[in-house]
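Notes for the one structure printed next.
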Amino acid sequence: MSRARIDRDFHTRAELEAHQLELLRDLLAEIRGRNPFYAPILEAAGLTGELASLEQFRRSMPFTTKPQIATDQTRHPPYGTNLTYAPERYSRLHQTSSTTGQPMRWLDTPESWEALLDGWQHVLEAARVTAADRILFAAGFGPFIGFWLGFEAAARMGCLVVPGGAMDSSTRLRVMQANAITVVSCTPTYALHLAEVARSEGLDPASFAITKLIVAGEPGGSVPATRANLEAAWPGAHIYDHYGMTEIGPVTYQLDGRADVVNVVESSYLCEIVDRATGAPLEVGSDDLGELVLTSLRRKGSPLLRYRTGDLVRACPDPPRPGEPVTLQLAGGILAREYHMEVVRGVNLYPSAVDQVVRGVAGIAEYLVELDERGSMTKVRVRIEPDPAHPDPTEICTELESAFKKAWSLRIPVEATEPGALPRYDLKARRWIKLQ
């Protein structure tokens, strides 16, 4: 059933913060004395009465970290103690993708789930998706939360939704053709791979009905070179970046024509950007990357308060454009995850920055970054799989080595592989590997 647009836009910062404070007061009142994980933390922080201000909360409430949650779930299996209600109140179970270790399980009540659907509906509406669209969610529908949320949010908007699980790429392409799919939701890597498969089978991506690609799971959607490649691979399609986390929910959306920033859904989250080392707040406009810290204001059944996401961002110094809502804007989207940063001969290398350089060189179908930390100094090598249509792989390797040298004054060896030698991904790409 289609639902009316949800009112979540605010036109002044004071109006937005008053809304956040009201939600935060309700959240704290709900979890005090009920949530075994947070109740003693709130008491120790002195947050036992009516909250006076957002600043009081930021000043008094300690950070929550991923290791804390993971340890709690290990000690109190299977779900940990961060549950505000009795188990029978919960109706949804999802878990993280385990790219950084043991997956974390997350439970949601029907009320929390509706709040998360509101966030994904915001993502779709910002991308100008309407009930007339037909959307393929191109991934296996396992315990990963993102595609389930997107699927149900699109369905309640009245879109025709098509699950793309248990299909290979060739089958998905036929489904896209047969159903005149207009929107595809997937990772940027997989969108490029789908176009590659289409061309290998004699299909012209320009002949598809695709008008929008909603990409998530990797930084590529906000990497200019990757966006350019996506637009070239799917002519006529507009690219919209999105970011979220299983344990937090849908966090950002991208407005039409604003490839330079993503907007945070501040109507559902209290956001901070802090210095990674000290935890002190960073000023808007700072050149330093900061860590995104989030408080989920509407997910009362399994909340997170001042959660250190490990995601590195930079606040956009410019105010919203006329007609845009007042909200935190992140320049370039999610720039990296702290645990993905590698220091090579004194230079900080982030996956998004490497992706920008690689995607700026024509003729590369896929790539892999190999890190060798077995010696006293980290060594890095990049393996590329050239596009079969490119006549000279050696020329591509030389061009990419020069691009790396120009970007970081580093000599990074580049080697070409045989066609089809590197893996393809339909969820998060794992292009960075450490040699043992």
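No value in this document is a laboratory result; all are computed from the given coordinates. Since we're looking at a predicted model, the values are computed, not measured. Here the Cβ is made from the backbone with ideal geometry for all residues, glycine too, and neighbour counts use every protein chain on show.
Pair-distance distribution P(r) for the stretch 341-435, from all Cα-Cα distances in 5 Å bins starting at 0: 3, 13, 25, 26, 19, 11, 3, 0, 0 percent. Put the Cα centre of the stretch 177-197 next to the Cα centre of the stretch 266-318 and the gap is 32 Å. Using C-alpha pairs under 8 Å with a sequence gap of at least 6, the mean separation divided by the residue count of the chain gives a relative contact order of 14 percent.
Inter-part distance, the stretch 353-405 to the stretch 46-114, computed on C-alpha centroids, equals 40 Å. In the stretch 341-435, a dipole from Cβ-located charges (positive for Lys and Arg, negative for Asp and Glu) runs towards its positive end, and of VAL344, VAL382, VAL369 it is VAL344 whose Cα lies farthest in that direction.
With the charge dipole of the chain set up from +1 on Lys and Arg Cβ and -1 on Asp and Glu Cβ about the Cα centre, the Cα lying farthest toward the positive end among the listed residues CYS159, PRO320, GLY244 is that of GLY244.
List the GluC sites (Glu not before Pro) within the stretch 363-436 that fall in a DSSP loop (any state other than H, G, I, E or B) and whose Cβ has at most 15 other Cβ atoms within 10 Å.
Loop-located and lightly packed - GLU373.
Loop only by DSSP, 15 or fewer other Cβ within 10 Å of the Cβ. Give me the chymotrypsin sites (Phe, Trp or Tyr not before Pro) in the stretch 118-188 that pass, ordered by residue number. Listed in order of number, the matching sites are PHE141.
Given their separation in residues at 0.36 nm each and the Cα-Cα distance between them, ARG89 and ARG25 gain 20.9 nm when the chain is fully extended.
With θ taken as phi - 60° and the Karplus curve 6.51 cos²θ - 1.76 cosθ + 1.60 applied, the whole-hertz 3J(HN,Hα) list for the stretch 262-277 is 10, 9, 8, 6, 6, 5, 10, 9, 8, 10, 9, 10, 10, 5, 5, 8 Hz, x standing for glycine and proline.
Based on the Stokes-Einstein relation at 25 °C and a viscosity of 0.890 mPa s, and on the Kirkwood radius from alpha carbon pairs, the stretch 274-418 is assigned a translational diffusion coefficient of 137 µm²/s.
Let me have the 222 nm mean residue ellipticity of the chain computed from DSSP H runs of 4+ only, each contributing -39500 (n - 2.57), with the sum over all residues rounded to the nearest 500. Provide the component values of the computation, followed by the final result.
On the way: 11 runs with 129 residues, N = 436.
Dividing the helical sum by the residues of the chain leaves -9000 deg cm²/dmol.
Proximity of backbone amide H atoms, modeled 1.01 Å from N, is registered between ARG276 and GLU291 at under 5 Å, excluding neighbours fewer than 5 places apart on the same chain.
Just to confirm a number: summing +1 for Lys and Arg and -1 for Asp and Glu over residues other than SER302 whose beta-carbon lies under 13 angstrom from that of SER302, what do you get?
On the way: positive: ARG34, ARG89, ARG92, ARG105, ARG298, ARG299, LYS300; negative: GLU30, ASP72, ASP108, GLU111, GLU247.
Residues near SER302 contribute +2 overall.
Working note: Karplus 6.51/-1.76/1.60 with θ = phi - 60° gives the stretch 360-366 the couplings x, 9, 6, x, 9, 7, 7 Hz, where Gly and Pro are set to x.
Amide H contacts of ILE181: ALA209, each under 5 Å away and 5 or more positions distant or on a separate chain (H built 1.01 Å from N in the peptide plane; Pro and chain starts excluded). Taking a point 7 angstrom from the Cα of ARG199 along the C-beta vector, which residues in the stretch 229-249 have backbone N less than 17 Å away? Label zone hits: 229-237.
For the chain, a crude dipole built from +1 on the beta carbon of Lys and Arg and -1 on the beta carbon of Asp and Glu, taken about the Cα centre, is about 720 debye to the nearest 20.
If you take the charge dipole of the stretch 330-436 about its Cα centre, with +1 on Lys and Arg Cβ and -1 on Asp and Glu Cβ, which of PHE404, ALA416, LEU435 is farthest toward its positive end? It is LEU435.
Report the full-extension gain for the segment ASP256 to GLU50: residue separation times 0.36 nm, less the Cα-Cα distance, to one decimal in nm. Let's see the in-between values first.
Working: separation 206, 0.36 × 206 = 74.16 nm, distance 3.99 nm.
Contour length minus the Cα-Cα distance gives 70.2 nm.
Loop-located trypsin sites (Lys or Arg not before Pro) in the stretch 90-175 (DSSP state other than H, G, I, E, B) with a sparse environment of at most 16 neighbouring Cβ atoms within 10 Å: ARG128. Remark: relative contact order (the stretch 211-341) = 21 percent; criterion is Cα-Cα distance under 8 angstrom and separation of 6 or more residues.
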